[in-house]
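To start, the structure under review is shown below, and the notes come after it.
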Amino acid sequence: MRIAITREVSPSIGQCKLTHLSRQDIDVDLARDQHAQYEKMLIDLGCKVRRLPEEPNLPDSVFVEDTAIVLDNLAVITRPGAILRRNETQSVAEVLKEYRTMFQIIDPGTLDGGDVLQIGRTLFVGNSIRSNIPGIKQLMEIVAPYGYEVEVVKVEGCLHLKSAVTLVGEETLLINRSWVDANSFEAREFIDIDPSEPYAANALLVGDGLVYPANFPKTCQRLEDKGYSVRVTDVDELQKAEGALTCCSLIFSI
Ligand code: CIR
């Protein structure tokens, strides 16, 4: 069985942290509707959704992916690179400890879950503006005894590694090569995003189901041309907060 941890969109999402985007008004009701549709899709894909209550004073708290890395036997609570986001982790840890042995990234390490791309027993970790080398080294030491390897990947021009590259099949990566070097992921198959849709590399794979944002039709067509059957959902209101599909959930098997 799969669990998906999510969190209701904060009423203060309009004050979210932005790095590469300019601020636009966010319609909280619409963002909540889109988020609810997203959760429904996760349920359709066989997940049991555990939705945490809203956090009125934590604008970015809907993006639960950044607070933890959940692996087979353990979970690592992150220390988010954005100081304003550090209070998001505790409530997620409370839920995860029901399922996993818990570890934690500590000062001076910083790590955001959005920088961790798991492919089998390898964790590719973006050395981004949010995840520093001390944080990545801590992760490496925590996971090594459990048989996971960590590979550091340089990310430039976007927020997180998973803004630039995500898994869409067992060995296939959807990638924006202007933000990450494809050679970091040896011997894998790649699908390039359409250059007119730079934010289009963030897809969410749940088992065999591929969830994809509605507003990147050209890249979506590329996926379909390659034989992928894509479930499309609207998340444009959440994208204004520089979030995407993977960021809104922590999905793991029990
Ligand atoms: C932030 O800057 O932290 C949020 N506004 C967006 C976080 C998106 N998270 C993700 O891509 N994993």
Study note, to complete from the structure: Set Lys154/Lys240; Lys17/Lys218; Lys97/Lys137; Lys48/Lys154; Lys97/Lys226; Lys40/Lys240, cut-off 31 Å on Cα-Cα distance; pairs above it are Lys48/Lys154; Lys97/Lys226
Review point. Please state the relative contact order of the chain as a whole percent: Cα pairs under 8 Å, 6+ residues apart?
Key: 22 percent
Exercise for review: Using the charge dipole of segment 2-253 (Lys, Arg: +1 at Cβ; Asp, Glu: -1 at Cβ; taken about the Cα centre), state which of Thr246, Asn87, Val28 has its Cα farthest towards the positive end.
Suggested key: Asn87
Check your understanding: So how compact is segment 2-253: Cα radius of gyration and Dmax in angstrom?
Key -> 16.6, 46
Check your understanding: Given charges of +1 on the Cβ of Lys and Arg and -1 on the Cβ of Asp and Glu, with all other atoms neutral, how large is the dipole of segment 90-135 about its Cα centre, in debye to the nearest 20?
Key -> 160 debye
Exercise for review: Of the options Val143, Thr233, Leu45, report the single residue whose Cα projects farthest towards the positive end of the charge dipole of the chain (beta-carbon charges: Lys, Arg +1; Asp, Glu -1).
Suggested key: Val143
Check your understanding: How many nm is it between the label spots at Asn183 and Glu170, if each spot is 7 Å from the Cα in line with the beta carbon?
Key -> 2.8 nm
Exercise for review: Rounding to the nearest 20 debye, state how big the charge dipole of the chain is about its Cα centre with +1 on each Lys and Arg Cβ and -1 on each Asp and Glu Cβ.
Suggested key: 440 debye
Review point. GluC sites (Glu not before Pro) within segment 152-195: which are DSSP loop residues with at most 16 other Cβ atoms inside 10 Å?
Key: Glu156, Glu170, Glu171, Glu186
Exercise for review: Please sort through the DSSP H helices of the chain and keep those with an alpha-carbon extent of at least 18 Å along the long axis and a Kyte-Doolittle average not below -1.0.
Suggested key: 28-44
Review point. Roughly what % antiparallel, to the nearest 5, for the DSSP beta bridges in segment 2-253?
Key: 45 percent
Exercise for review: Rounded to the nearest Å, what's the spacing between the alpha carbon centres of segment 63-108 and segment 201-254? Just the number, please.
Suggested key: 23 Å
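No lab work stands behind these numbers, since they all come straight from the coordinates. This is a predicted model, so every value here is computed, not measured. Neighbour counts are summed over all protein chains in view; Cβ atoms, including those assigned to glycine, are modelled from backbone coordinates with ideal geometry.
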